[in-house]
1. Could you run through the range 391-421 and say how many residues are modelled with pLDDT of 50 or more, in contact with a strand residue (DSSP E or B) (Cβ under 9 Å, 6 or more places away or on another chain) and closer than 15 Å to residue 453 by Cα?
2. Given 569, 503, which one is assigned by TED's automatic domain parsing to the domain that holds residue 350 and either in contact with a strand residue (DSSP E or B) (Cβ under 9 Å, 6 or more places away or on another chain) or of a type outside the set (Val, Ile, Thr) (or both)?
3. Answer yes if at least one residue in the range 322-330 is at pLDDT 90 or above and assigned to a loop (DSSP other than H, G, I, E, B), and no otherwise.
4. Please state which one of 203, 243 is touching an Asp or Glu at 6+ places or on another chain (Cβ under 9 Å) and assigned to a strand (DSSP E or B).
5. Starting from residues that are modelled with pLDDT under 85 and within 19 Å of residue 178 (Cα to Cα), keep the ones in the range 588-602 and report whichever is surrounded by the fewest Cβ atoms within 10 Å (Cβ to Cβ).
6. Being part of a loop (DSSP other than H, G, I, E, B), under 30 Å from residue 522 (Cβ atoms) and out of contact with any Lys or Arg (no Cβ under 7 Å at 6 or more places or on another chain) is the filter here, so list the residues in the range 331-356 that pass it.
Amino acid sequence: MALNPFFLQGSFGEQRLVQELINEQLKIYGVEVTYIPRKFVRKQTILEEIQSSQFDDNFLLEAYINNYDGYSGAGDIMTKFGVSLRDELSLTISKERFEDFIAVFLEDMDDDEIEVATRPREGDLIYFPLGQRIFEVKFVEHENPFYQLGKNYVYELKCELFEYEDEVIDTTIDEISETIDQTGYIVDLIMAGAGTTNATATAGVSTGYVRQIFLNNDGYGYTSAPTVTFSAPDVGSGTTATAVAITTTINKVTSVKEILFTNAGSGYTSIPTITISGGGGTGAAATCGIATNNTVRGVTSLSITNRGSGYAFAPTITIDRPDAGATATGTVGSSGTITSFTVTNGGVGYTGAPSVTIAAPIARTGALDQTDGQSNGTGYQIGDRLTLVGSDIASSAIRAGYAGTEAILEVTSISGAGGVTGFTTIYSGHHYLPSDLSNSNDYYEARGGSGNDNFRIQILSTKVEEGTQATATASIGSGSTVVSLTITNAGLGYTSPGQPVITISNDPSFKDNRIIQATARSTVSAAGTVSQLYIIDAGAGYGEAAPTVSVGAAETVGVGTYWRNEVVTGSVSGTTARVKRWTKSTYTLQLSNIDGTFADGETVTGAKSGASYDVRVSAANTTLDKYNQSEDIEIEADGILDFSESNPFGNY
C-alpha cells in the first residue's frame, strides 16, 4: 500500500513538529532531574586509565520516567558484605533539549575533561529528586523509537544507583551535597580551636614517698582501666599514694601498659602493697620503691592552676632539677682584670669541685688617661655617649697597622653653653699611642651625642697589653654547695660594663647520684585543655621549696573556615585530602580522598580558604554506608589471619 500522500514522510517540518510535541509532552508528564556531567581529573599516563573523577557542573533537565511500578533491577539483595542496593532507573530525555542546552556548554570545556560532549555519556550522574538519590548512567540508547519519520528524537538513559567511592562532587546544590557529604570513606579530625592560653601548674614535695612503680605483669582481658590501690603509710599523719593504670590493646587483647602516680604519698617507712583490681581482666601486678630517708624529698603532687586552651596534643611537663647548678658574677678592676667573685647561687648536690669557665674578653683594651684639652665643645647634654676619633693627626684615632677599638665616653656634667665639664669612660678602647700626637695642636675628637661642636681631648698615656682569658677554681662547702671561687689568673682586657660570663659546671660527674629529676606527663581533654597531670618518677634530692613546673605552650591559634571539597595539606606528613564537612562549633574536620596519614599536632591548611588549624585528635577512619558491612568484616578477618606472624597456608 502506498504511503499516505498527505505526509511527506520525513520532511524537516514534520520532524520539527514531532520533536516539539515530544518536548512538550516531557514538560507535561516528566520530572525535573539534575544532569551532572563527569570530568576526568587525572589519568594514568600510559594506559589512559581514569584515576579520579570530578562532578562540579549541573543542568536542570526534564525527563520522563519509564519505570511504572517502582525501581527496576535486582533490588535489595544480601551479599557476603552486607545488604547491597541494586536499584535501576530508566529515563527518557529530549535529544534536542540536550544538544541545545547542555552539549553547547560541554563543548566549551577542556577536551581533557569532557571527551564526548554531543550526547549524554555513560558515567555521568543523574540526581533523581523524588527519591533523593543519585544514579549513574550506564547505557545511552539513541535509536528507540527507531527512526520515526527518518529521525531520532530522544535519548533513553539506563541508570543504576550510584556507588560513591572517591569522586569529587561539588554541584553547589545543597540538596545534592547533603546527600553525598555523609557517604564514603571519611576521616574525622578534631582540630585545636582558637583562643590559645598556656596552662600552668605547681608541685608539692614531701618525704617518705613512693618514688617509682614497677609493672611486673601487664595482665590481659581488660575491658576498662583497672583500679590501682596502695596500702596505707606507716606514719599515721602520712598520705596514701594514689595512681591510675593506663591500658593498651594489641591484637584485640587489652593489658596494662603502665601505672602513673596522681599522688606519690608520704610517711612510708616500708614498701607498700599495690593491688590491681577490676576492669574485667586479670593477671596485672606491680611493685614499687620508696624514699625512707626523712631528709630526702621528692615531687609527690602536681596541681593545675590554669588548664589553658587550644592544645592540639598533650604538652610536655618539665619539673626543675633538684640539683640546680651554681652561679656567680665577677668584678672588673680599672686595669681590665678580674678582682673578685660573688657566688649568687651555691647550687645543690656537689660531691666534687665543678669546673669553672670564664668567658674571654671581648676586645684587647688598656688603661686610658684623659684631659679636657683644647676645647670643651658646645651643645652637649648629660648622658650623651661619644666616640673618640682621629682629627688633625696623620694616623686615625687608632694607631695604623693595629686592630684596635675606639673608646666610648659618657658626659656627666656640662656648662651653660653645653660644653663638656665632666665625663666617665664607658670603654677605654686600645692601641691609642701618645706618639701619634706630633705637636701640642694635635688632639682626638669625641664625636656623637647631641653636641654641635666637637669636644676635644688629648691622650697622655695608654697601655697596649693584649687581652687574656681569666681562670678560677671552685670550693665546695659542707652543704654540697659551691661556697667560693678562687682566681688563678685575673686575665686582662675585661671591660666594665660587660662583666665576664662565668659558667659553673652542673655536669652529673660532679654530682651526688642520689639526686634525681622528677618526670611527669599530661593529658588533654576534648575541649583542648590540660585535663590531668601524672607523675612518672617522683625524683629525689629536692629542698623544702617546691620546684618550678613548666607546661609546654599550645602550638597554634586556629583561623579561618574550611571550604567544602577544597584540598587540605598536613604541614608535617604532607598528607592531602578533600574537605567533606567543617563544623566550627566542635572543631571537627571531616575528610575524604585521603592520600597518607595525618599526624597529631601538625597544621592542616586549606588550599583555597587558607584556613589553618592543628590536629588535636585523629579519630578512627569510617566508611559510611547504611548497609555495606565490608569494613566490619575486614576488621573481624584481621583477628583471624595474622600474616605478620607466619603464613597460615604454609611455606614451600
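The values are calculated or read from the model by the stated rules, or taken from the named source; none is laboratory data. Everything numeric in this text was worked out from a predicted model, so none of it was measured. Virtual Cβ from ideal backbone geometry, glycine too; neighbours counted across all protein chains shown.
1. Final tally of qualifying residues: 8.
2. Going through 569, 503 in turn, just one is assigned by TED's automatic domain parsing to the domain that holds residue 350 and either in contact with a strand residue (DSSP E or B) (Cβ under 9 Å, 6 or more places away or on another chain) or of a type outside the set (Val, Ile, Thr) (or both): 503.
3. Looking through the range 322-330, none of the residues is at pLDDT 90 or above and assigned to a loop (DSSP other than H, G, I, E, B).
4. After applying the criteria, what remains is 203.
5. 593
6. 347, 348
Each row is one residue, and each column tells you yes or no for (1) part of a loop (DSSP other than H, G, I, E, B); (2) modelled with pLDDT under 80.
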site	(1), (2)
461	no, yes
480	yes, yes
485	no, no
499	yes, yes
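Condition check ((1) in contact with a Gly (Cβ under 6 Å, 6 or more places away or on another chain); (2) of a type in the set (Lys, Arg); (3) more than 30 Å from residue 230 (Cα to Cα)) across all residues:
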residue	(1), (2), (3)
261	no, no, no
275	no, no, no
278	no, no, no
288	no, no, no
292	no, no, no
298	yes, no, no
330	no, no, yes
339	yes, no, yes
356	no, no, yes
